[in-house]
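Trainee: Got a structure for you, written out below as C-alpha cells; questions coming shortly.
Throughout, read-outs are computed from the coordinates displayed, never taken from laboratory work. Just so it is clear, the structure is predicted and the values come from calculations on it, not from any experiment. As a convention, Cβ positions derive from the backbone with ideal geometry for all residues, glycine included, and neighbour counts pool all protein chains shown.
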Amino acid sequence: MTSKSEKLRMSTEPRYAIEVESFAEDEVEQYLAELLRAYRTCYPDANEGAPSQPRNPDQAQSIRHTLRTLFGRHLKSADDDRFLLQEEEEDVLDAFMTVVRDNRILSGLQRGAFVSLFECFQHLEDLTDSSFVKRILLSVTTSQGSLFTAHLPARKFSGVIQWRLDEINGIFCEIAHLEIA
C-alpha cells in the first residue's frame with residue numbers, strides 16, 4: 001500500500017520524458033546536397049539564363065516545398081530559384097549550412113521531463129516544427145514505478161513522417177494508468 005507522502009511525491013515527480021536526437025551535421029549536409037542535385041536535374045537548362053519549365057514539375061514542386069519547409073523565410077523569391085539553380089553547388093550548400101548553424105537547428109541530444117501528459121504533449125507538438133529531428137524517445141513511468149518507452153522516427157530524409165499525436169496520446173494514457181506489480 002502506498003502512503004500519502006509517497007503518492008504526493010509521485011504526483012510531483014516527472015512521469016513523462018522526451019529525449020530528442022537530431023541528425024548529425026554531415027548527415028544534414030549530405031541530404032541537402034542530394035536534394036539540391038535532384039532539384040537541379042528537374043531544370044536541365046537552368047544555367048542558360050532564366051529557369052525553364054521543369055522536366056518533372058511534380059518532383060520539382062515537392063523538392064521546392066521541402067526546401068521551403070526547411071529554410072522558411074530564406075527561400076521565398078524568384079531570386080532564390082536562380083540562386084538554387086545557377087550558383088555553384090558548394091556555395092548553395094555553404095549558405096544552407098550557415099542557416100542551419102546560425103539558427104542552432106542541430107542541437108545534438110535534448111532531454112525534457114514533465115509532470116503532466118499535457119506538458120509532455122505540448123513539448124512534442126512544438127517539435128513538429130523542428131526540421132532535423134532524427135528520433136524521439138518517449139518515456140512514461142507508471143504509478144507503480146515501471147518505465148515504458150517508445151521510439152518515434154521523427155523524420156526521414158525522403159520527407160517528413162506525419163505524427164499522429166492522437167494515437168500517441170492514447171498509448172501514453174493507457175500506459176500511464178497501468179498498475180503493474
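Trainee: I'd like the per residue volume of the convex hull spanned by the Cα atoms of region 25-102, given in cubic angstrom.
Mentor: Per residue, the Cα convex hull of region 25-102 comes to 81 Å³.
Trainee: Run the numbers on region 25-102 and let me know its relative contact order in percent, using alpha-carbon pairs under 8 Å that are six or more apart.
Mentor: The value is 33 percent.
Trainee: To the nearest 0.05, how large is the calculated FRET efficiency for E25 and E90 if R₀ is 22 Å and r is the Cβ-Cβ distance?
Mentor: Efficiency, rounded to the nearest 0.05: 0.90.
Trainee: Please give the contour-minus-distance gain from R55 to S130: 0.36 nm per residue of separation, less the Cα-Cα distance, rounded to one decimal in nm.
Mentor: Full-extension gain reported as 23.9 nm.
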